[in-house]
Each structure stands twice: as C-alpha cells, then as structure tokens.
Amino acid sequence: MAAGALDLAVAVPRALRAAGVPCPPDATVAFAIALAEVGVARRAAIYWAGRATLVRRPEDFATYDAVFATFFDRRMGDGGDDADGPPPDPVTLLVDEDGPPAPGPEPATRPDEAAPALRWSAREVLRHKDFADCTPDELDEAHRLMADLRVAGARRPSRRRVRARRGEVDLRGTVRAALRTGGEPLRVDRRRPGERHRRLVLLCDVSGSMEPYARALVRFAHAAVVGRTHVEVFALGTRCTRITRELRTKDPDAALRAAADVVEDWSGGTRLGEGLRTFNEGWGLRGLARGATVVVLSDGWDRGDPAELAEEVARLRRAAHRLIWVNPLKASPGFAPTARGMAAALPHVDELVEGHSLQSLDQLAEVIAR
C-alpha cells in the first residue's frame, strides 16, 4: 500500500472518532483495503471508500460529510498532496495472522522516533463479527474456532462424599486406618459432600427466522455435547426434535448433517409454544429438566399463541435450576424484546443474553458455568 493511502487510512478514522462517529478497527482495515483498490488520486473515490466502510449508521452521514470536507480542505490540495502543514506521521500496520507477513516497503521513520503502529488481527475481528454478516469462508473459520469452546455447566452438591481436610469425621475410614497401626487412630479421616455438573439442556430454534444463526448455534451445541456429559440438545421449529445422539460424533460437519437429516422442519415455521409443550410433557417435566440449566436459543419470533408459550416457559422455569434465553438479535442497535414470543417468555427468564458472534458464545459459556 502506498504511503499516502496508509496515512489516510489512519488519519480519517481518527478524525471521525474525534467527532463522535464510532470507527472500530475492522472498519479502519476495510477502509485501508478500499483505498488500496481505488487509489488516492481522486477525492470522490476516497469519499465513497470512506463512507462505505467507516459509516455504519445513517445518522452519521452528515457528520462524515462535515469531517471529510474539513479534513481535506485543511490537509489536501487539488493534486492529492498535502497543501499546508507538516507531513503526516508514518504509520506501521501490523497484521497478526498465522502465516508470514506480506512483503512490502518499510515505512520511513526518523531515527529518533518510533512510528505509531496499528495492530490488526483477522481472528480477533472474526470473533466480534455478527454471524449474519459473515461470508461463507468466515463462517467456516468461525465454526472451526467454535470447536475450541469449553462449555462447563454449573456444579451442584452430590450424594457421593469425598475425602477432605475439613468436614465430618469419617468413622469407617478412621477405624480402617487405625487397624494398620495396632488400633491407635493416628489419623482422623474426614469427608464432605462432593460436586457434579448439573445437566445442561439446549433448546435451539432452527426456524426460518433463525437461518443466519441456527447452524452456528447448533455448532455451539455440538461443542457442548462432545466436551462433557449430561448434555441434551433439542431442535425447535414447528415441532420438537431430539438431536443429542446425532451430535455425539466428533466430526462437527458430520454431526451437523446428521442433525439436519432428522429435523424435518429445519428453516420452516415457528411454534415455540407447541414445541416447548412437547418437550415438557415428553422429556422435561419427567426429569430431564429438573434441576438442570436450560438454555433456549431463539430470536422469539413465534407464529403460535403467546399465552401458550408463556405458560410452557413458566412450567419449564419451575422445573429447571436456571432458564437462560439466548437471542442473537439482542446485539442489534435499539433492540427491544417486542416480538410476541420474546415478550411472552421474558418474565419467566433468569437471563437474556446475546448469541450473535464467537465472543458472545464465549460469554454464554461463562453464564452457563455460574
């Protein structure tokens, strides 16, 4: 990338941030890539490259126009070079990736000064990117990274007692140890109640409205199933389908294909109330959900009766230890739980969390472990 383009790639976002327009690192990198394509010879090309990559909200268009005009009136001349003032500071773009860095010219710096560096990592950008905005290649990479997730459920007291330094005296163990020392109890054994993981139940909405997120969330469910025991997974659409057995294979692609084969209503309609009633009556209230951590992964868009959904969610909450609702749309600006299904279920939910990116799924794993 030419030095002038690299300087613009840093200076323009900096000026926008100073004016109150949010410019995250991935937008800055996208602007730099756009400048490398269109060049810096034409002011109109630079303008549209910045507006397409740096401005994400319509209400920021006017601010962008004002900042762009002020910035170029002050720093740029008709030929595209600096008209007044000192030359811009050199900037180094550091790209963190698995392969070796791409060859390119070294930035010119004064010997007594270090050039400021802009660090960018494709993996870190992908971790925060919405699944709905990912390209197919980015989704494949996100699915691969999702295999590293560790979903450890909350712990509960167990009936089995374990040895401990403090706790109740274990008379049987103490006497057994005394027999080896001539009947003298030289050591007092103690035990305390042990712990075990609570059962984790995942109810994943695979209806048409969840299409941008359903496969990623089923991948999350697969990581939970292969990573620990006592995990049950169900698919919700117009019916309720148990897919735990299909997700037990180690190959995530094969597991997803097997789950899609048994779920007849994948990307179909949504009747969450009927699906939850089938789960409650067939599995949940019979013991599968009792004392468990139950996670519903859905955007709350429902074609069924909201009263039925509210009743079934309330029944499920009374049986479960905790009920967590994961809504990928929660990360959207101005989100409000106004969908009929979401509004009906919300009073009975312990926590409403996001689930639109790898970062949010990491946070979901932490919420489940509490």
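Numbers for the structure displayed
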quantity	calculated
Members of segment 270-307 that are of a type in the set (A, V, I, L, M, F, W, C), over 17 Å from ALA214 (Cβ atoms) and not in a helix (DSSP H, G or I)	ALA289, ALA292, VAL294
Condition check for GLY341: more than 14 Å from the chain's Cα centre (by Cα) and either in a helix (DSSP H, G or I) or surrounded by 15 or more Cβ atoms within 10 Å (Cβ to Cβ) (or both)	yes
Hits in segment 248-301 - residues which are of a type in the set (Val, Ile, Thr), in contact (Cβ under 8 Å) with a residue 60 or more places away in the chain and in contact with a Ser or Thr (Cβ under 8 Å, 6 or more places away or on another chain)	THR270
Residue count for segment 271-302, restricted to those that are surrounded by fewer than 24 Cβ atoms within 10 Å (Cβ to Cβ) and among the small types (Gly, Ala, Ser)	4
Matching entry among ARG74, ARG17 (being surrounded by fewer than 13 Cβ atoms within 10 Å (Cβ to Cβ) and either modelled with pLDDT of 85 or more or of a type in the set (D, E, K, R) (or both))	ARG74
Unmet criterion (only one of (1) in contact with a Leu (Cβ under 9 Å, 6 or more places away or on another chain); (2) surrounded by fewer than 11 Cβ atoms within 10 Å (Cβ to Cβ); (3) β-branched (Val, Ile, Thr)) for THR181	(1)
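The values are calculated or read from the model by the stated rules, or taken from the named source; none is laboratory data. This is a predicted model, so every value here is computed, not measured. Every residue, glycine as well, gets a Cβ built from its backbone with ideal geometry; the counts of neighbours run over all protein chains shown.
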